[in-house]
Amino acid sequence: MKASTERTTSRSTVLDVRSLFFRVRDNRLMVAMIIGVSLILPASGLRLACVGASCASDESQATGPVPFCSLPTEIRRRITTGFYDGRSPELLGVTTTPDAVSVDGSGVAWPSLETDIRVPLVFAGDDVGATGPLPAGTQIDRVAPTLADLISFKRPYPMLERTDPIRGVVSSSPPRLIVEVGLKGIGTPDLEAAPNRWPTIARLMRDGAGTLEASVDSVPLDPTAVLTTMGTGSPPSQHGITGTLIRDAEGRMVRAWSPGAPVSAIATLADDLDERTDQRSLIGLVADATTDRGLVGGDWYVDHDRDVRAFSASTEGVVVRALRSTGEGFGDDAVPDVMAVVLEGSIGDVDRALGRLVDGVSTLVDAPVVFVVVGTGSTSSSGEFGSADIEQAIRSSVGGVVEGQVPGGLFVDADRLVAAGESRQDVRDALAELTDAAGDPVMADAFLSYSVSFGKYC
């Protein structure tokens, strides 16, 4: 009778994960099994299976919130949309308040629980209009498909998801020149804060089709990533240019769009157009940094690209170079061309430069032109904590293991970490413990990159 009872009990508990551990006498094997199970089961499954102390009745021993899963669903989705495994930083974080942490130099803030991802989006030009207002929430990854639709160009579709054109944007005749303008570091909150300083943008919206309520739909608002989303028609989770700094295939931290850096995993509209027309389409980029190249790409089709690229340190210089290039054949024949321009500066300076650009191109090109203007998202001039502050906080706890920083993430030097006898979890804990002048937590959550990959199990 006793033996029968034991056999019944064994069968009834065969799915109880705890029984696996109770039968293991070697502690090292038990640890290995715990790690193996934790990589297979989602966090919720581990809690249901009562692994470790997750079912303990003593609240003092209960585990805390699962990293990443503690964030609101919409915030997790935006982070996942801006993440690319193997290229994104090893450690990521979300701040409790906007602009709490910003990256030195660029002023781009880390994602927060309240990041405003609204940006202006305008289509304008010869005979360009809309059957109605562009709907709020229109995502900027729909810009490239919309432009392709306006020139009746069917892009090659790799085995990746593509987005649909924005319904309602129309043109009475196919444009011969597309002018893509990225407003670097500018978002809708900036325009709302200076309502009388952007008459050009207002004019283009009135004469064309636009909205101040378009959405980047991914974080962080790193212009390098956002411009590539605009150029490819896909989010960072697909095109892989997640920020100014990324990891390459060998694990080296490199500057996006630099020589030898990983290319976008998806071709830009300009890449596809150039290839399909056998280089007859003229492709130009005028900007102030090579990291702005995501608007046109140029590396997708190997050894088969002759794009015009010019860089200037000033907004005025960018406009002058763009007009000079436009006057050298852009829009001169029936084959559509693309000129990409990136403007950066104060709202007033950028709007005046945009006005000169639009008026100049319209004068120089005697053919249908479509302008599309998109902001990359607001950036703060400086947060309470800068890059140096974050690195110092990590250094005081685990040593100088930070290799680089982008908005929302830290690249961790694995060799230094091993030499210091620390782990990435230790770095994560140091970041999570950061407090402001009032003693309040700066981070709403900090988590290792694999947490994003397994985020679907939250």
> Which residue out of ALA340, ALA313 is at pLDDT below 95 and either under 29 Å from ASP164 (Cβ atoms) or part of a loop (DSSP other than H, G, I, E, B) (or both)?
Replying inline: ALA313
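Take the residues in segment 360-376 that are part of a helix (DSSP H, G or I) and among the aliphatic types (A, V, I, L, M), then tell me which one is nearest to the chain's Cα centre (by Cα).
Initially, segment 360-376 is screened for residues part of a helix (DSSP H, G or I), giving 360-364.
Restricting the remaining residues to those that are among the aliphatic types (A, V, I, L, M) gives 361, 364.
Details: VAL361: 30, LEU364: 35 Å.
Ranking the candidates gives VAL361 first.
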> Looking only at residues in segment 58-78 that are modelled with pLDDT of 95 or more and of a type in the set (D, E, K, R), which one is surrounded by the most Cβ atoms within 10 Å (Cβ to Cβ)?
Replying inline: ARG78
> Is there any pair with a first residue in segment 285-303 that is of a type in the set (Ser, Thr, Tyr) and a second that is part of a loop (DSSP other than H, G, I, E, B) whose Cβ atoms are under 6 Å apart and which are 6 or more apart or on different chains, and what are they?
Replying inline: THR290/TRP257; THR291/THR244; THR291/ALA256; THR291/TRP257
>> Return the residues of segment 98-111 that are under 13 Å from VAL219 (Cα atoms) and crowded, with 24+ Cβ neighbours inside 10 Å; say none if nothing qualifies.
In response: VAL108, ALA109, TRP110, PRO111
> Would it be correct to say that ASP272 is surrounded by 20 or more Cβ atoms within 10 Å (Cβ to Cβ), under 16 Å from the mean Cα position of the chain (by Cα), assigned to a helix (DSSP H, G or I) and at negative phi?
Replying inline: no
> Any idea which of SER312, SER258 is open to solvent by 10 Å² or more (accessible area, probe 1.4 Å) and out of contact with any Asp or Glu (no Cβ under 7 Å at 6 or more places or on another chain)?
Replying inline: SER258
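When the residues of segment 170-200 are filtered to those that are under 27 Å from the mean Cα position of the chain (by Cα) and open to solvent by 10 Å² or more (accessible area, probe 1.4 Å), which remaining residue is nearest to SER152 (Cα to Cα)?
Restricting to residues being under 27 Å from the mean Cα position of the chain (by Cα) and open to solvent by 10 Å² or more (accessible area, probe 1.4 Å), the top hit is LYS184.
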> Mind checking whether some residue in segment 79-91 is modelled with pLDDT under 95, surrounded by fewer than 22 Cβ atoms within 10 Å (Cβ to Cβ) and either among the polar types (S, T, N, Q) or out of contact with any Leu (no Cβ under 7 Å at 6 or more places or on another chain) (or both)?
Replying inline: no
> Any idea which of (1) surrounded by fewer than 21 Cβ atoms within 10 Å (Cβ to Cβ); (2) not aliphatic (A, V, I, L, M); (3) not in a strand (DSSP E or B) is the one GLY129 doesn't satisfy?
Replying inline: (3)
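Tally up the residues in segment 426-442 that are crowded, with 20+ Cβ neighbours inside 10 Å and under 21 Å from ASP413 (Cβ atoms), please. Before the answer, list the steps.
Looking only at segment 426-442, we keep the residues that are crowded, with 20+ Cβ neighbours inside 10 Å, and these are 427-428, 430-431, 434, 442.
Among the residues that remain, those that are also under 21 Å from ASP413 (Cβ atoms) are: 427-428, 430-431, 434.
Number satisfying all stated conditions: 5.
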> Is at least one residue of segment 284-293 in contact with a Leu (Cβ under 7 Å, 6 or more places away or on another chain), among the hydrophobic types (A, V, I, L, M, F, W, C) and under 25 Å from GLY107 (Cβ atoms)?
Replying inline: yes
>> Looking at GLY243 and the list (1) at pLDDT below 95; (2) small (Gly, Ala, Ser); (3) within 20 Å of GLU90 (Cα to Cα), which single condition is not satisfied?
In response: (1)
>> Exactly one of these conditions fails for SER346: (1) farther than 28 Å from GLN139 by Cβ; (2) hydroxyl-bearing (Ser, Thr, Tyr); (3) out of contact with any Pro (no Cβ under 9 Å at 6 or more places or on another chain). Give me its number.
In response: (1)
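Being open to solvent by 30 Å² or more (accessible area, probe 1.4 Å), out of contact with any Cys (no Cβ under 8 Å at 6 or more places or on another chain) and in contact (Cβ under 8 Å) with a residue 40 or more places away in the chain is true for just one of SER387, SER382. Which residue is that?
Among SER387, SER382, only SER382 is open to solvent by 30 Å² or more (accessible area, probe 1.4 Å), out of contact with any Cys (no Cβ under 8 Å at 6 or more places or on another chain) and in contact (Cβ under 8 Å) with a residue 40 or more places away in the chain.
Using the structure shown, decide if PRO165 is open to solvent by less than 40 Å² (accessible area, probe 1.4 Å), at pLDDT 90 or above, of a type outside the set (Val, Ile, Thr) and outside any strand (DSSP E or B).
Numbers: open to solvent by less than 40 Å² (accessible area, probe 1.4 Å): no; at pLDDT 90 or above: yes; of a type outside the set (Val, Ile, Thr): yes; outside any strand (DSSP E or B): yes.
Against the criterion (open to solvent by less than 40 Å² (accessible area, probe 1.4 Å), at pLDDT 90 or above, of a type outside the set (Val, Ile, Thr) and outside any strand (DSSP E or B)), PRO165 does not qualify.
The values are calculated or read from the model by the stated rules, or taken from the named source; none is laboratory data. For clarity, every value in this text was computed on a predicted model and none was experimentally measured. Using ideal geometry, Cβ is built from the backbone for each residue, glycine included, and neighbour counts are taken over all protein chains shown. Heavy atoms of the whole protein, side chains included, go into the accessibility calculation; ligands, DNA and RNA do not. Shrake-Rupley method; radii C 1.70, N 1.55, O 1.52, S 1.80 Å.
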